[in-house]
Amino acid sequence: MYCQVCGAQNSDELDYCFRCDQKLMVLSGVPSPPAEGDSFEEAPEEGFSLDEHLLERISILEEAVKRTADTVRQLLTTLHKQERSILINQSGLATLREILEDRRLIAREEWSELWQSKVDYQMLALEKRERFVGLRDRISALHKGNRRTLFNKLLEDAEYALYGFDIEGALQALEAAHRLDRDNYELNYFLGETYFNEGQAGVALSYFRRVLETKPDHYEGLVYSGVIHHEQGESERAIEQLQRAVALFPDAFLPHFSLGAVYAGQGNLSRAVVLLEKAVEIDPVPQALFLLGSSLYEMGKVTGAIGYLQQVVRHDPAYEEAYHLLGLAYLDRHWNRKALDAFRQAQRLNPTKMRYQDLVRYLSGQSDRPLPEISAEAQTWIREAEEELIEGRSGRAVSLYRRAIDKDPDNPTLLMSYALICLQLDRAQETEKVARRILDLEPGEMLKATACATLIEALRSEGRYKEGNRIGQRLLDEGTSNFSRTIAYYEMAYNMAEMEEDLDKALEFAQRSLELAPEELRQFPLAALGWVHYKRKEFDQAIDFLDRSSRLESSVTTLTHLGMALLASGSEERARKVLAEARSLEGAETSVEQRMMECLKTSTRLLDRVQQGRAKK
């Protein structure tokens, strides 16, 4: 019996085809061929019923749909069982956590942080696994040499390691495979991309060089190498490689954006604008739109700059720098109300931070009781962490600080330095956890005041003003020195101004903070007084105090507030100068190179760009 679907021969006893699992049906017999010499007589044509044929077909389809429905029903049953199992496991983990917390064996924040870090690490491993699986066959096919079996075994080990969320093990296996085939450009590319995303640009560049030696027109190799060369100060080499990438891939986003960013960094704005316009035409990425708007603004093309900056804030409403520059552009067009609204939005997105980074060093020379010394082994890790911060590798720096804390876990000086680093990196939850840990250690009053201030700043960044003021009141009640009271009054005054609640009380707190402040801290209560007066719409007083604060120490926040007060009072020309100065300070903190690296390290966009590049080859 032959299956009418796939044509396979089946036994007469079977009801379903052994190959395609469709129901077997007998439609008609097959006549045997006539014997030799017999005359062929045409058989009378039997009646053929189209309705019967369609009914048979419908019966087959009904049977297939029925079996499919049964399979889907079984899958849904299994899925519901898995859902119940996950819920049961989650309840068990929650119970375990509560027991450990009640017995004070772990802290809730510690559990959540570790859980999140594990999830992030596994998601990263999953992303790398998907990338590697897509490249593995190409890597294997490119192998040249007589050790293919060992090479493929190492690729297999790397894949298994990624399935086990072991990125380090996968890299070790791939490094070993690389030693067997140093000219395998796909393997070199994967290793280079991985090290680049880990922040090890120098190591990544060595792999990208190997890629370009083997395949000079490799899309990712040209772009990555150009960006890294520019970051290392080798602008001519960077421009050469990025120009080649633009010529080879005229419809790709990254080459145009990267080369435009290089030209913008060199001040060659006319060339930068041409390339950036092409880049945003391909893909309107906020970083590229902002860089294009900024370049046009520097060239004096205010109308064009406004258009692109407005696109930035539509794509990314939290892009604080775009609001600031948009405010300056509005000022140049004498649109004062729009300008003030833009600056207010920028200020909301970037609440002020009292600069405590150097305060621990200041305290060590002011306190009658010296700060606890950090162990030599922990200091080694701290030095390495500071070097990583200088290089812009904040994730690596945080990891090194944690290693230092493992060596000296209850040292409040070390914990305070780590909390300040977390505050600087906008890691509010981690800052809060470390600051509370310092307070639990009951350090000296100077460190306690600094920890309270750091905690209040972290809470403020999350909009938790009232909770921050409770910490300030606690510091005020427990503190005995002018230093502690200065910090407490300053922080509470600023929070009340931000909430715009009881501005009379906020003004009183700011005045008390100024009366008690040591000379080294006077700029902070002066700035707070100015901001409270601004909120009270007392612009002349606001300008006076903010100007005095900025003369003691210029900061982006203080200058921005001063500019806003000047603008609100009608001093448009002076406001423009002050706000431009604030932008110059802010620009020093965020360079063109950082924007370029930020855009390039956005993995989802990078994968899109990679796929587009490959499609053009």
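Values quoted throughout were computed directly from the atomic coordinates according to the rules given, and no laboratory measurement underlies them. Because the structure is predicted, anything quoted here is derived from the model rather than measured. Cβ placement follows ideal geometry from the backbone for every residue including glycine, while neighbour counts extend to all protein chains displayed.
How many nm is it between the label spots at V302 and I99, if each spot is 7 Å from the Cα in line with the beta carbon?
Between V302 and I99, the simple spin-label model gives 6.9 nm.
Say each of E62 and L425 gets a label point 7 Å from the Cα, pointing the same way as Cα to Cβ; how far apart are those two points in nm?
Reported label-point gap for E62 and L425 is 6.7 nm.
Using the Karplus curve 6.51 cos²θ - 1.76 cosθ + 1.60 with θ = phi - 60°, work out ³J(HN,Hα) for each residue of the stretch 67-77 in order, rounded to whole Hz, and write x for Gly and Pro.
3J(HN,Hα) across the stretch 67-77, in whole Hz: 5, 5, 4, 5, 5, 4, 4, 5, 5, 5, 4.
List the lysines whose alpha-carbon lies under 26 Å from that of K577, not counting same-chain residues fewer than 8 positions away?
Partners found: K301, K338, K353, K535, K537.
How would you rank E478, E236, going from fewest to most other Cβ atoms within 10 Å of each one's own Cβ?
With the fewest neighbours first, E478, E236 line up as E236, E478.
Mind listing the long-range amide H neighbours of Y2? Cut-off is under 5 Å, sequence gap 5 or more, other chains count too, H placed in the peptide plane at 1.01 Å from N.
Hits under the 5 Å cutoff: N10.
Shape of the stretch 123-306 from its Cα gyration tensor (a ≥ b ≥ c, root eigenvalues): rounded if a/c is under 1.5, otherwise prolate when a/b > b/c, or oblate?
Prolate shape, in that a/c is at least 1.5 and a/b is the bigger ratio.
Which FRET efficiency value, to the nearest 0.05, is calculated for E442 and E386 with the Förster distance at 35 angstrom and r the Cβ-Cβ distance?
0.80
May I ask you to derive the relative contact order of the stretch 123-306, considering only C-alpha pairs under 8 Å and at least 6 residues apart, and to give it as an integer percent?
Reported as a whole number, the value is 11 percent.
Apply the Karplus curve 6.51 cos²θ - 1.76 cosθ + 1.60, θ = phi - 60°, to the phi angles in the stretch 324-335 and return the couplings in whole Hz, x for Gly and Pro.
These are the phi-based 3J(HN,Hα) values: 5, 5, 5, x, 5, 5, 4, 4, 4, 8, 6, 9 Hz.
Enumerate the calculated ³J(HN,Hα) couplings along the stretch 245-262 in order (Karplus 6.51 cos²θ - 1.76 cosθ + 1.60, θ = phi - 60°), each rounded to whole Hz, writing x wherever the residue is Gly or Pro.
After applying 6.51 cos²θ - 1.76 cosθ + 1.60, I find 5, 5, 5, 7, 10, x, 10, 9, 6, 4, x, 5, 5, 5, 5, x, 5, 4 Hz.
Cross-link partners among lysines for K153, C-alpha distance below 27 Å, same-chain residues fewer than 8 apart left out?
Partners found: K128, K144, K215.
For Y16, list long-range residues whose amide hydrogen, built 1.01 Å from N in the peptide plane, is under 5 Å from its own amide hydrogen.
L24
Quick one: length gained pulling D332 to R271 fully straight, 0.36 nm per residue minus the C-alpha distance?
Length gained between D332 and R271: 19.6 nm.
With the Cα gyration tensor of the stretch 271-354 giving a ≥ b ≥ c as the square roots of its eigenvalues, does the rule (a/c under 1.5 for rounded; else a/b larger than b/c for prolate; else oblate) give rounded, prolate or oblate?
oblate
For each of W531, W381, count neighbouring Cβ atoms within 10 Å of the residue's Cβ, then give the residues from fewest to most.
Going from sparsest to densest Cβ surroundings: W381, W531.
Taking the Cα-to-Cβ direction at R344 and at L54 and moving 7 Å from each Cα, how far apart do the two end points lie in nm?
7.1
First check a/c for the stretch 470-569, with a ≥ b ≥ c the square roots of the eigenvalues of its C-alpha gyration tensor; if it is under 1.5, answer rounded, and if not, answer prolate when a/b is larger than b/c or oblate otherwise.
Cα axes put the stretch 470-569 in the oblate bin.
Quick one: S295, S235, S550, S140, fewest Cβ neighbours within 10 Å first, how do they rank?
Sorted ascending by nearby Cβ count, the order is S235, S140, S550, S295.
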